[in-house]
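What follows is a single structure, written as C-alpha cells, with notes after it.
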Amino acid sequence: MTTTWLAEHLGDDGLVVLESDEDVLLYDTGHVPGALKLDWHTDLNDPLTRDYVDGERFAQVMGERGVGRDTTVVIYGDKSNWWAAYALWVMTLFGHEDVRLLDGGRAAWIAEGRELTTDVPQVEPVDYPVVERDDSQVRAFREDVLAHLGGPLVDVRSPGEYSGELLHMPDYPQEGAMRGGHIPGARSVPWARAANEDGTFKAREELEAIYLAEQGLDPAEETVAYCRIGERSSHTWFVLTHLLGFEKVRNYDGSWTEWGNAVGVPVER
Amino acid sequence: MGTTDDVRADLPAAMTNLAEDFHAVTERERLQLLLELSHELPDLPERYAGRLDQMERVDECQSPLFLAVEVADDEARTVSLFFDAPAEAPTTRGFAGILHEGLDGLPAEEVLAVPDDAPYRFGLAEAVSPLRMRGMVGMLGRIKRQVRLRSEALTAGGGA
C-alpha cells in the first residue's frame, strides 16, 4: 500500500491501521491518525515461553483493536518496516486474510509531511474468532532447518554476522550466541538489499535481479530465511512471498539466537 | 523485583528517587515517564555537537546511541555524561535520560559503585520487554568502564 492510498482511506469502514515499531515508545510520540499500537514483543510474544501468543490471546489482541476476521489491516513501522513485516508474518500464522504493509513505513509517511497525532483512538472492541496458529506453512523450526540443509537458505543478517567476526570491543562479548557464523550453505543477502534508501521496497525487476539472477533462488523451490531473532528475515520473507511470488518461504524465527546456541548443530564460517 | 528496599539497595540518591517514581505508577504510566525523560535529555554541548567520532558508540542499543564520559581533575573526580540519540529512538533516549539524571555530576567512586543490575530497578523490563533492556545495561557498563579508565589516567598522570 502506498502512503497516498492510506491517506485517502483513513477512517474507512473495515480498515484498521496498526503501528508496529522496534522502539516501544515511538507510537506515543506521534502516529498516523487513527492508528493503534501493536507491539511485537508485549502483544505478539508469549511472556513465558519463547513463542508467539496462542489463538485466544491473539483474538483478544485483535479484538481490542477493533480488528475482525475480515478487517483489512494495514501495518507500518520504523526501521524500514522490520517489525511491521514481523507483525504481518505473525498475523499470517493465524491465517488473517487481508493484511498489508504500508510501503516505506513510518519514515515515508513522515518524510512526505503527512499528519501525525498523539491522540489514541477510542476503539469499540469486536469479536475476533479464536483461531489455532498454523506453524506448518510459513514458519520453520530448528528441526525443519536441519531437514532442509542443502536446500536454499537465506541469511539476511549483516556481512559481519554472517562471517562470524566478533565486532564488539574487549569486555563486551557478542551477546546472544555462543558461536558466530552461519547455517551451512546459507547465502548472504542482507535484508536491506530489498529496500531503497527511503525504506520503500525496490521495484520487482530490481528484486528479481538480486534474488533470482544473482543469488540463483528459484520461486518454485522451498526456501528458508533467517536472521538473529526473525524480524529482519520477516522483511525478506515478505519480499520473496508477496513481491516475488515464491511458492513456499518459511521464516526460521529461532534464527541465530537459537542456532548459534544449539548444541551440535553444524555452523559454517 | 520485590520490596522498595531491593529497588533502592546501593543506588545513588538521584537514581533511588527515579526508581521510586517508576514504581509508584502503573506500567502504562512508566512508559509515559520514560518518554518524558527522553524529552528532557540535554542536547550535546558544542564541543561534542557533530563530533560523534569523539564519542563511544553503544552497540547494545537497538538504535545508535553515542556516549561521552568526562572525569574532572578535581578531588571528587566529578563525572559528566553526554549522550546523543535520535528523536526516533525515544526508548533509547529515555534510558539515557535515566542514567543522566541518576549519575551526572556524581563523584567517580559513586558511579563505579552503582550495581550492574541497576537498569532492572525501574520496573521497565515488564513494560518494555526484557530484550529491550540490554541497551541500558550496555550504556551503564560502558560508562563505568570509561570512568574507571579516565580516573586511572588522572591518577597515573599525577593530577590532583
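Taken together, the values in this text are just the output of simple stated rules run on the coordinates, not laboratory data. Bear in mind the structure is a predicted one, so any value in this text is a computation, not a measurement. Here the Cβ is made from the backbone with ideal geometry for all residues, glycine too, and neighbour counts use every protein chain on show.
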What longest region of chain B stays clear of GluC sites (Glu not before Pro) that DSSP places outside H, G, I, E and B and that have at most 11 other Cβ atoms within 10 Å?
-> B:76-160
The distance between the Cα centres of region A:7-22 and region A:183-210, in whole Å, is 26
Please determine, in degrees from 0 to 90 and to the nearest 10, the orientation of helix B:134-156 with respect to the longest principal axis defined by the Cα atoms of chain B, where the helix direction is its Cα long axis.
-> 20
Scalar couplings 3J(HN,Hα) for region A:28-33 by Karplus 6.51 cos²θ - 1.76 cosθ + 1.60 (θ = phi - 60°), nearest whole Hz, x for Gly and Pro, are 6, 7, x, 8, 4, x
Leaving out same-chain residues fewer than 8 places away, which lysines sit with a Cα under 20 Å from that of A:LYS37?
-> A:LYS79
Binning at 5 Å from 0, report for region A:143-269 what percent of all alpha-carbon pair distances ends up in each bin.
-> 2, 11, 22, 24, 18, 12, 7, 3, 1, 0
Amide H neighbours of A:GLY66 at under 5 Å, excluding residues fewer than 5 places away on the same chain, with H built from the backbone geometry, are A:VAL126
Between helix B:90-103 and chain B: long-axis angle, C-alpha atoms, 0 to 90°, nearest 10 | 60
For chain B, size of Cβ-based charge dipole, Lys and Arg +1, Asp and Glu -1, in debye = 440
Alpha-carbon centroid distance for the pair region B:33-56 / region A:54-71, whole angstrom = 40
The answer for A:LYS37, listing residues at least 5 apart or on another chain whose modeled amide H is closer than 5 Å to its amide H, is A:GLU19
What does the charge dipole of region A:132-269 about its Cα centre add up to, to the nearest 20 debye, if the Cβ of each Lys and Arg holds +1 and the Cβ of each Asp and Glu holds -1?
-> 180
Charge dipole of chain A built from unit charges on the beta carbon (Lys, Arg +1; Asp, Glu -1), centred at mean Cα; most positive-end Cα among A:LEU36, A:ALA84, A:GLY176 is A:GLY176
Share of pairwise Cα separations in chain B, more than 23 Å, in percent | 35
Using amide H atoms built 1.01 Å from N in the peptide plane, name the residues 5+ places from A:LEU101, or on other chains, whose amide H lies under 5 Å from its own.
-> A:ILE75
Going residue by residue through region A:152-164, the Karplus relation 6.51 cos²θ - 1.76 cosθ + 1.60 with θ = phi - 60° gives ³J(HN,Hα) values, rounded to whole Hz and with x marking Gly or Pro, of x, 10, 10, 9, 9, 6, 5, x, x, 5, 5, 6, x
State, to one decimal in nm, how far the label point of A:GLN122 lies from the label point of B:ARG148, with both points 7 Å from Cα in the Cβ direction.
-> 5.5
For region A:4-113, what is the per residue volume of the convex hull drawn over the alpha-carbon atoms, in cubic angstrom?
-> 96
Ranked by GNM mean-square fluctuation in chain B (Cα springs under 10 Å), the top entry among B:MET139, B:MET55, B:MET15 is B:MET55
222 nm mean residue ellipticity, helices alone, for the protein assembly as shown (DSSP H n ≥ 4; -39,500 (n - 2.57); rounded to 500) = -9000 deg cm²/dmol
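Over its Cα atoms, what ratio of radius of gyration to 2.2 N^0.38 Å does region B:64-138 give? The partial results should precede the final answer.
Values: Rg = 13.1 Å, N = 75, 2.2 N^0.38 = 11.3 Å.
Here the Cα radius of gyration is 1.16 times the empirical estimate.
Please report the equivalent ellipsoid semi-axes of the protein assembly as shown, computed as sqrt(5 x eigenvalue) of the Cα gyration tensor, largest first, in whole Å.
Numbers: eigenvalues 300, 144, 85 Å².
Here the semi-axes work out to 39, 27, 21 Å.
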Near-label residues of region B:62-104 by backbone N, under 16 Å of a point 7 Å along Cα→Cβ of B:GLU20 | B:102
Among A:ASP23, A:ASP12, A:ASP134, which one shows the biggest mean-square fluctuation in a GNM of chain A, springs joining Cα atoms closer than 10 Å?
-> A:ASP12
Note the angle between two axes, namely the Cα long axis of helix A:82-93 and the longest principal axis of the Cα atoms of chain A, as a number of degrees from 0 to 90, rounded to the nearest 10.
-> 90
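Which order results if B:SER151, A:SER20 are arranged by neighbouring Cβ count within 10 Å, fewest first? Don't skip to the end; give the middle numbers.
Details: B:SER151 18, A:SER20 29.
The fewest-first ordering by Cβ neighbours comes to B:SER151, A:SER20.
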Neighbour-count ranking for A:VAL67, A:VAL99 (other C-beta within 10 angstrom, fewest to most) reads A:VAL99, A:VAL67
Please order B:ARG47, B:ARG77 by the number of other Cβ within 10 Å, starting at the fewest.
-> B:ARG47, B:ARG77
